[in-house]
Amino acid sequence: MTQKKKPLFLSWLQLRKERARLLVAIAGISFADVLMFLQMGFRGALFSSAVEFHHSLNGEIVMLSSRSRSLISLDRFTERRLYQAAGITGVASVSPIYLNAIQWRNPENKEIWDIYAIGINPEHQVLNIPGVEANREQLRQPDTALFNLGSRQEFGAIAQQFQAGETIITEINERQVQIQGLFKLSPTFGINAYLVTSDINFLRMADFRQGGLIDVGVVKLQPGADVQAVLTEMRSRLPDDVKVMTRDDYAKAEVAFWNASTPVGYTFDLGVVIAFIVGGVIVYQILYSDVTDHLPEYATLKAMGFRDRYLLMVVFQEALILAILGFIPGTAIALGIYRITNFATMLPMAMDLGRIVFVLILTAIMSSFSAAMAMRKLQAADPADIF
Amino acid sequence: MQPIISVRHLNHYYGQGSLKKQILFDINLDINRGEIIILTGPSGSGKTTLLTLMGGLRSIQEGNLSILEQELLHATKEQMTLARRSIGFIFQAHNLLNFLTAYQNVEMALEIQDITAAEADTRIRAVLGAVGLEHRMDYYPSGLSGGQKQRVAIARALVSQPKIILADEPTAALDKKSGRDVVEIMENLAREQGCTILLVTHDNRILDLADRIIYMEDGYLVNSSNIATLVQ
């Protein structure tokens, strides 16, 4: 037997001995991780839901009023701008979209809620949403609409009843409207539910809106057309009461609006920072008292000829073990809460690998930093003092 | 033969500036291989300071001190750490790691030695057997008596087969019987391994176990002729 002696796993043996302290540390780190996951989850859900509409637009270029900022902060422009753009080389087709919150009466309890109505030309494929595409032609009939599958309970159990084959007729801004189909679009922090209807039906329901003044123009290009060249041409030909941008930039602008012009982005970022600090303080407390309790033993080890580095590694390993042991239940609990939140709010709370890795790295940094702070106490372990 | 510990004109001070106080005065001492020496004297006479200097636990300020032919004056931290690896320390408090079993506590001393797994296991079992703890190997210190803990500490100091053992009041916390047992075990093991023991103690009950007794008072070594009268 020439196998070298395996080193003692001192950090783990030390952590394991104090069960109560270990559990407190794991609970503390799990708690911090759950907080971080939730803040990031809400933030992610906010942004991905906020731009689902944008990404569904069937066109490379989007035209907006120069004063539009977000789906919840819109301004109108004349659709003549859109038809002006139709003449530009490279443009295949243009489609107007009307958007407005309209009063929806819950057919079950007659309560009135604002629903976000999208008015499209039923002859065009304007939205790349399967449920809309499948039922678009039915919107040619007067007083018809498609209802949002992911909408909140407040609007009534429309989807379930529709799927059960019932005829659903309800009042939208005091007009009787029949639901002809369902489509899927997640609610956002600003919009609880969507309704898709034809432009003509939209103007009937939203009788306060004037035909010809639209909210969004969708521009579809010919295959192979240069998006930037068309954009440049549009900007030079169109007056500055409208702005044009790519569909991706449109989505980015929506995210930027939520991030910068509302407190939402900041709130969630701050939440992550606070969770990070809370977790860090917990790990520091645990490691500090652990090091303090074992100071005479550490001094003994130094006297026996162990280098400082060995002891630093022990504390550092303890921090990483705690980080991993806290991270596993933290992630599991966060996944559960994502599910519950998703179910209760219909927000698209989704975990992705990138976020898991990010939180793991944050946890490791948090623990290592706390370990580094606690290690300063190790300097107090003077081997000359133990005699 | 070269002495295993050699001390020449050693002075040591505590404190800075006007509070500076001399603790050791011109210590000269040679200790040979295999000797068992008891260092005794009243509290505050500087015994422990001398012991920590010999053990490489404090830096030498003035004079020369060499252990195992290595000069400790101006030694770096790393040199002192390495020098300590050939010394077995036994402390007044056992200073065992409370989260390790008796076996693992002894094993710790071999963590910094280059040794095979089989050799380590053989040595740990042998030394714990020698201190009479073969049936307590998997006990944590909290489950052992004071004497048993001190015996684990001795096993830990001896398992790496050090050339020198430095012990500070190893019997202070023990009753007469276990105190004497502990020192006898130490002595037997040391004689088997041919190692040198320097033992600081107040305990008159164990003075007869020494080859030589050194008496210290107020920071001076008192010359040996006087000691003879002292012991009687």
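The values are calculated or read from the model by the stated rules, or taken from the named source; none is laboratory data. Remember, it's a predicted structure, so these values are computed and weren't measured experimentally. Note that each Cβ is placed from the backbone with ideal geometry, even for glycine, and that neighbours are counted across all protein chains shown. Quick note on the areas: whole protein, heavy atoms, side chains included, nothing else; ligands and nucleic acids left out. Shrake-Rupley method; radii C 1.70, N 1.55, O 1.52, S 1.80 Å.
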*Take the stretch A:81-104 and flag every residue that is touching a residue at least 12 places away in the same chain (Cβ under 8 Å) and open to solvent by 70 Å² or more (accessible area, probe 1.4 Å).*
A:Gln84, A:Thr89, A:Gln103
*Could you list, in sequence order, the residues of the stretch A:281-301 that are open to solvent by less than 30 Å² (accessible area, probe 1.4 Å) and among the charged types (D, E, K, R)?*
A:Asp290, A:Glu297
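Take the residues in the stretch A:202-229 that are more than 30 Å from A:Gln103 (Cβ to Cβ) and over 32 Å from the mean Cα position of the chain (by Cα), then tell me which one is most open to solvent (accessible area, probe 1.4 Å).
Keep residues of the stretch A:202-229 that are more than 30 Å from A:Gln103 (Cβ to Cβ), which gives A:219-229.
Still in the list and also over 32 Å from the mean Cα position of the chain (by Cα): A:222-225, A:229.
Working: A:Gln222: 91, A:Pro223: 133, A:Gly224: 85, A:Ala225: 32, A:Ala229: 52 Å².
Among them, the one singled out is A:Pro223.
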*List, please: which pairs have Cβ atoms under 8 Å, are six or more places apart or on different chains, and start with a residue in the stretch B:108-120 that is at the interface with chain A (Cβ under 7 Å from one of its Cβ atoms) and in a loop (DSSP other than H, G, I, E, B) and end with one that is of a type in the set (Lys, Arg) and buried (at least 20 other Cβ atoms within 10 Å of the Cβ)?*
B:Ala109/B:Arg156; B:Leu110/B:Arg123; B:Ile115/B:Arg123
*Can you tell me which residues in the stretch B:127-146 are within 24 Å of B:Thr196 (Cβ to Cβ) and either part of a helix (DSSP H, G or I) or open to solvent by 20 Å² or more (accessible area, probe 1.4 Å) (or both)?*
B:Val127, B:Leu128, B:Gly129, B:Ala130, B:Gly132
_All positions within the stretch A:222-237 that are over 16 Å from A:Asp249 (Cα atoms) and aliphatic (A, V, I, L, M)_ = A:Ala225
*Has the stretch B:95-107 got any residue that is hydrophobic (A, V, I, L, M, F, W, C), modelled with pLDDT under 90 and either in a loop (DSSP other than H, G, I, E, B) or on the phi > 0 side of the Ramachandran plot (or both)?*
no
*Where a residue in the stretch A:13-33 is without any contact (Cβ under 8 Å) to a residue 24 or more places away in the chain and acidic (Asp, Glu) and its partner, wherever it lies, is open to solvent by less than 30 Å² (accessible area, probe 1.4 Å) and in a helix (DSSP H, G or I), with Cβ under 8 Å and at least six apart*: none
*Determine the pairs where a residue that is of a type in the set (Asp, Glu), located within the stretch A:350-369, has a partner that is assigned to a loop (DSSP other than H, G, I, E, B) with Cβ atoms under 6 Å apart, the partner being 6 or more residues away or on another chain.*
none
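Based on this model, can you work out whether B:Ser18 counts as over 17 Å from B:Tyr215 (Cβ atoms), within 11 Å of chain A (Cβ to nearest Cβ), open to solvent by 60 Å² or more (accessible area, probe 1.4 Å) and not charged (D, E, K, R)? Spell out how you get there, then give the answer.
Working: over 17 Å from B:Tyr215 (Cβ atoms): yes; within 11 Å of chain A (Cβ to nearest Cβ): no; open to solvent by 60 Å² or more (accessible area, probe 1.4 Å): yes; not charged (D, E, K, R): yes.
Considered against the rule, which asks whether it is over 17 Å from B:Tyr215 (Cβ atoms), within 11 Å of chain A (Cβ to nearest Cβ), open to solvent by 60 Å² or more (accessible area, probe 1.4 Å) and not charged (D, E, K, R), B:Ser18 comes out as no.
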*Is it true that some residue in the stretch A:31-42 is touching a Phe, Trp or Tyr at 6+ places or on another chain (Cβ under 9 Å) and closer than 30 Å to A:Leu195 by Cβ?*
yes
*Identify the residue in the stretch A:142-157 that is buried (at least 23 other Cβ atoms within 10 Å of the Cβ) and aliphatic (A, V, I, L, M) and, among all such residues, is nearest to the chain's Cα centre (by Cα).*
A:Leu146
*asked:* Every residue in the stretch A:160-189 that is crowded, with 19+ Cβ neighbours inside 10 Å and among the aliphatic types (A, V, I, L, M), please.
replied: A:Ile172, A:Val177, A:Ile179, A:Leu182, A:Leu185
*asked:* Contact list please: Cβ distance under 6 Å, first residue in the stretch B:137-152 and closer than 17 Å to B:Pro170 by Cα, second residue β-branched (Val, Ile, Thr), pairs at least six apart or on different chains.
replied: B:Gln150/B:Val182; B:Arg151/B:Val131
*asked:* All but one of (1) open to solvent by 10 Å² or more (accessible area, probe 1.4 Å); (2) closer than 17 Å to A:Thr331 by Cα; (3) of a type in the set (Gly, Ala, Ser) hold for A:Ala20; state the number of the condition that does not hold.
replied: (2)
_Condition first: surrounded by 24 or more Cβ atoms within 10 Å (Cβ to Cβ), in contact (Cβ under 8 Å) with a residue 60 or more places away in the chain and part of a helix (DSSP H, G or I). Now tell me which residues in the stretch B:160-189 satisfy that._
B:Met186
*asked:* Just the residues that are facing another protein chain (nearest Cβ under 8 Å), open to solvent by 10 Å² or more (accessible area, probe 1.4 Å) and in contact (Cβ under 8 Å) with a residue 24 or more places away in the chain, please, taken from the stretch B:90-106.
replied: B:Gln92, B:Ala93, B:Asn95, B:Asn98
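Using the structure shown, decide if B:Ala157 is among the aliphatic types (A, V, I, L, M), crowded, with 18+ Cβ neighbours inside 10 Å and within 20 Å of A:Leu311 (Cα to Cα).
On the way: among the aliphatic types (A, V, I, L, M): yes; crowded, with 18+ Cβ neighbours inside 10 Å: yes; within 20 Å of A:Leu311 (Cα to Cα): yes.
Yes.
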*Tell me, which helices (runs of 4 or more DSSP H) lie completely within the stretch A:1-93 with 3 or more residues that are within 14 Å of chain B (Cβ to nearest Cβ)?*
A:10-17, A:19-50
*Given the conditions (1) touching a strand residue (DSSP E or B) at 6+ places or on another chain (Cβ under 9 Å); (2) polar (S, T, N, Q); (3) within 13 Å of chain A (Cβ to nearest Cβ), report the number of the one that B:Gln150 does not fulfil.*
(3)
*Consider only pairs whose beta carbons are under 7 Å apart and that are at least six residues apart or on different chains; among these, list those whose first residue lies in the stretch A:315-326 and is farther than 13 Å from A:Leu13 by Cα and open to solvent by 10 Å² or more (accessible area, probe 1.4 Å) and whose second residue is part of a helix (DSSP H, G or I) and not charged (D, E, K, R).*
A:Phe316/A:Ser368; A:Phe316/A:Ala371; A:Leu320/A:Ala364; A:Leu320/A:Ser367; A:Leu325/A:Ile26
*Qualifying positions in the stretch B:190-208 - assigned to a helix (DSSP H, G or I) and either under 21 Å from B:Gly46 (Cβ atoms) or open to solvent by less than 20 Å² (accessible area, probe 1.4 Å) (or both)*: B:Ala190, B:Asn204, B:Ile206, B:Leu207
*asked:* Any residue that is open to solvent by 60 Å² or more (accessible area, probe 1.4 Å), more than 13 Å from chain A (Cβ to nearest Cβ) and in contact (Cβ under 8 Å) with a residue 60 or more places away in the chain - is there at least one of those in the stretch B:61-83?
replied: yes
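Suppose we filter the stretch B:32-74 for residues that are among the aliphatic types (A, V, I, L, M) and either under 15 Å from B:Tyr215 (Cβ atoms) or in a loop (DSSP other than H, G, I, E, B) (or both); how many remain?
Of the residues in the stretch B:32-74, the ones among the aliphatic types (A, V, I, L, M) are B:36-39, B:50-51, B:53-54, B:57, B:60, B:65, B:67-68, B:72-73.
Next cut, either under 15 Å from B:Tyr215 (Cβ atoms) or in a loop (DSSP other than H, G, I, E, B) (or both) only: B:37-39, B:50-51, B:57, B:60, B:68, B:72-73.
Total satisfying the criteria: 10.
With the structure loaded, tell me whether A:Ile386 is more than 30 Å from A:Asp269 (Cβ to Cβ), open to solvent by 20 Å² or more (accessible area, probe 1.4 Å) and at pLDDT below 90 or whether it fails that test. Full working, then the answer.
On the way: more than 30 Å from A:Asp269 (Cβ to Cβ): yes; open to solvent by 20 Å² or more (accessible area, probe 1.4 Å): yes; at pLDDT below 90: yes.
Yes, satisfied.
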*Say whether the condition of being outside the structural domain of A:Lys184 (by TED's automatic domain parsing), on the phi > 0 side of the Ramachandran plot, open to solvent by less than 40 Å² (accessible area, probe 1.4 Å) and in contact with a helix residue (DSSP H, G or I) (Cβ under 6 Å, 6 or more places away or on another chain) is met by at least one residue in the stretch A:302-309.*
yes
